[in-house]
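What follows draws every value from the coordinates through simple rules; no lab data is involved. This is a predicted model, so every value here is computed, not measured. As a convention, Cβ positions derive from the backbone with ideal geometry for all residues, glycine included, and neighbour counts pool all protein chains shown.
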């Protein structure tokens with residue numbers, strides 16, 4: 001759900017979060033995203049308080065590419081598929097992407113999958129995993145993750 005100034009996002013939390021339309025790299029009042037309901041957005045939490053609505057941002061300190069270039073680190077996730085997994089398992093996947101030592105099954109699995117398959121993966125600390133790859137590879141990866149958490 002959105003209005004002209006902000007988007008309301010479901011972040012797998014007890015309440016929804018707010019993403020201002022100006023919290024995108026290079027956005028202005030005249031040039032800002034216009035997403036439809038159901039759009040997947042990769043963003044970060046900038047304020048989480050139990051007394052206030054969680055605030056999100058799509059501005060990266062490291063990547064200066066504009067939101068509308070299609071190359072920005074944060075923003076709309078086009079294509080691919082998204083699934084829910086346990087938060088603890090997602091933390092393992094995040095550690096694997098950072099190059100952590102092979103101390104868990106999740107880290108080992110991601111390393112092995114990266115050796116043989118080409119895919120893009122974004123893992124959220126909220127339990128969401130988004131993968132963009134060939135359809136058969138996407139199904140294989142998600143099935144491997146499912147077996148890992150059982």
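What to note about this one:
- Taking other C-beta atoms within 10 Å as the exposure proxy, 58, 148, 82 rank 82, 148, 58 from fewest upward.
- Using alpha-carbon coordinates, inclination of helix 135-149 to the longest axis of the chain, degrees: 70 degrees
- Segment 1-70: C-alpha gyration tensor shape, a/c 1.5 cut-off, then a/b vs b/c: prolate
- Helical content alone sets the calculated 222 nm signal of the chain at -8000 deg cm²/dmol, taking -39,500 (n - 2.57) per DSSP H segment of four or more residues and averaging over every residue.
- The peptide list 38-46, 21-29, put in order of mean Cβ contacts within 10 Å with the highest first, becomes 21-29, 38-46.
- With Cα atoms, 0 to 90° folded angle of helix 87-97 axis to the chain main axis: 80 degrees
- Helix axis angle, 105-116 relative to the chain longest principal axis, alpha carbon, degrees: 90 degrees
- Expressed in units of 2.2 N^0.38 Å, where N is the residue count, the Cα radius of gyration of segment 55-150 is 1.12.
- When only alpha carbons are used to place a centre, segment 1-61 and segment 79-150 end up 25 Å from one another.
- Each Cα pair under 8 Å and six or more residues apart adds its separation to the average, and for segment 6-76 the resulting relative contact order is 32 percent.
- Measuring nothing but how far apart in sequence close Cα pairs (under 8 Å, 6+ apart) lie, relative to its length, segment 81-149 scores a relative contact order of 40 percent.
- With neighbour counts taken as other beta-carbon atoms within 10 Å, the residues 139, 123 rank, fewest first, as 139, 123.
- The chain - percent relative contact order, Cα under 8 Å, separation 6 or more: 18 percent
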